[in-house]
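Undergrad: Sharing a structure with you now.
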Amino acid sequence: MIFSNGHFLIALIAAITLSTLLLLKLPRFAIHIDLVDHPDERKQHNGKVPLIGGIAMFSAFSFSALFLDVPLGQLRGLFAGAMLLVIVGVLDDLHELTSVARFIAQILAAILMAEWGEVRLVDLGWISPSGELVQLNWWSSLLTIFAAVGIINAVNMMDGIDGLAGSISLVAVLSMAILAWHQGGAGSMQLLLLLSAVIMVFLFFNRHPASNTNNAEKNTGRQRVFMGDAGSMFLGFILVWFFIQLSQDSPSDSSRVMAPVTALWIFLVPLFDTVAQMFRRILQGKSPFSADRKHIHHILLDRGHSKRDTLRILLSIAIAAAVIGITADISGFSQAFMFYLFLFLFVIYFTTVCYGTQVYRWMTETFRG
């Protein structure tokens, strides 16, 4: 049993303790150097909120992983890429870097993952209509970088209401931990459980104290924090690392922990939202990376749902999709069927979100006519 493993228990205690200490002690320093999120027309929180969640999660995860009885040499690319993105994320939170600078950092992190960590997409699984393996050949490196940049930004785009990006990431991490446990991947499972622990500690500090007043924060002994760009890029990078590592064959592990298509299902909500918004902006003649309030959480908020209800709705969808993906993977269900079902659901989602109002108006006018 994993919880009888002394190395893992020490690592878990270290992860929880260090992340808690950092989230308790860093806010004052963050306020001093203005590493805070200011409210504006797009950000409707109260007061200055320290952006130190990413620093705390990365530091606690990296330190606690040293206690595990697993070979860490192959993870150098993971820690190097994550550190690069956390540093760039902190600079972005402080000085608001250009999108070009952020993309360069994300591409460099993806190169570290593929070349140093040797974690890259080699195939897409057995998703062809004939059920054959879709190999990438010379497209491998390019699609690995594309996937890394896409998932990093998908997590960032989910960071629009309290707890959403962290909770969605937690669902994906725990889903992969379950699959790693099922396939006997003890090392990956332990790392994923450490990551889930530091995310849960962050989510505790991310939520409102008993009251929104400063006195309440003093009474509860904690300051509310946000993950910032450092946190969203860290989580996005580490997710794509494990998505690829666990879904590809490697010389050291000839068995896959999960099919590549399963990653789509356990990351369904961010993928649907990000790809739909990029398509929508392109169709409107805008940059696919322009900021607006048209993401799924914004739509639910504009429809009258509270932030808490919006979080519950999207988290419920994410959990349901992950359960479907895990069940199909474990039962050996057709990867091709799961892939095309995923695409079919995306088409429905895209049409509903982007054109639902126009379709409803057209149907109403048609039937009335």
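What follows draws every value from the coordinates through simple rules; no lab data is involved. Predicted model only: the values in this text are computed from it and were never measured. All Cβ positions, glycine included, derive from the backbone under ideal geometry; neighbour counts span all protein chains shown.
Undergrad: Among Ala82, Ser140, Val269, whose Cα projects farthest towards the positive end of the dipole of the chain, with charges put on the beta-carbon of Lys, Arg (+1) and Asp, Glu (-1)?
TA: Val269
Undergrad: For the range 110-152, list residues with backbone N below 18 Å from a point placed 7 Å from the Cα of Ala291 toward its Cβ?
TA: 152, by backbone N distance to the label point.
Undergrad: Run the count for the range 2-368, please: Lys pairs, Cα-Cα under 30 angstrom, 8 or more apart or on different chains.
TA: Eligible lysine pairs with Cα atoms under 30 Å apart amount to 15.
Undergrad: Whole-Hz ³J(HN,Hα) for each residue in the range 101-116, computed from phi via Karplus 6.51 cos²θ - 1.76 cosθ + 1.60 with θ = phi - 60°, x for glycine and proline: what do you get?
TA: Taking θ as phi minus 60°, the curve returns 4, 5, 5, 4, 4, 5, 5, 4, 5, 5, 5, 4, 5, 6, 8, 7 Hz for the range 101-116.
Undergrad: Using modelled backbone amide H atoms (1.01 Å from N, in-plane), which distant-in-sequence or interchain residues come within less than 5 Å of Asp123's amide H?
TA: Under 5 Å from the amide H of Asp123 lie the amide H atoms of Leu136, each far enough along the sequence or on another chain.
Undergrad: List Ser19, Ser196 from most exposed to least, where exposure is judged by having the fewest other Cβ atoms within 10 Å.
TA: Final ranking by Cβ density, sparse to dense: Ser196, Ser19.
Undergrad: Also, I was wondering about something else. Contact order normalised by length for the chain, with contacts defined as Cα pairs under 8 Å and 6 or more residues apart; what percent is it?
TA: Relative contact order of the chain: 20 percent.
Undergrad: Which one, Ala60, Gly160, Val171, projects farthest toward the positive side of the charge dipole computed for the range 2-368 from Cβ point charges (K/R +1, D/E -1)?
TA: With unit charges placed on the Cβ atoms, the residue in question is Gly160.
Undergrad: Something else: Using modelled amide H (1.01 Å from N, peptide plane; none on Pro or chain starts), what sits under 5 Å from the amide H of Asp37, excluding residues fewer than 5 places away?
TA: Val49, Leu51
Undergrad: At q = 0.15 Å⁻¹, what log₁₀ I(q)/I(0) does the range 132-213 have when each alpha carbon counts as one equal point scatterer in the Debye sum?
TA: For the range 132-213 at q = 0.15 Å⁻¹, log10 I(q)/I(0) is -0.75.
Undergrad: Quick one: putting +1 on the C-beta of Lys and Arg, -1 on the C-beta of Asp and Glu, what dipole do you get for the range 2-368 around its Cα centre, in Debye to the nearest 20?
TA: Result for the range 2-368 is approximately 960 debye, rounded to the nearest 20.
Undergrad: Modelling each spin label as a point 7 Å along the Cα-to-Cβ direction, I'd like the Lys48/Leu345 distance in nm, to one decimal.
TA: With each label placed 7 Å out from Cα toward Cβ, I get 4.3 nm.
Undergrad: Just from its helices, what would the mean residue ellipticity at 222 nm be for the chain, if runs of 4 or more DSSP H residues each count -39500 (n - 2.57) and the sum is divided by every residue, rounded to the nearest 500 deg cm²/dmol?
TA: Calculated from helices alone, the mean residue ellipticity at 222 nm is -22500 deg cm²/dmol.
Undergrad: Could you give me the radius of gyration and the Dmax of the chain, taking only the C-alpha atoms into account and expressing both in angstrom?
TA: My reading of the Cα-based Rg and Dmax gives 20.7, 73 Å.
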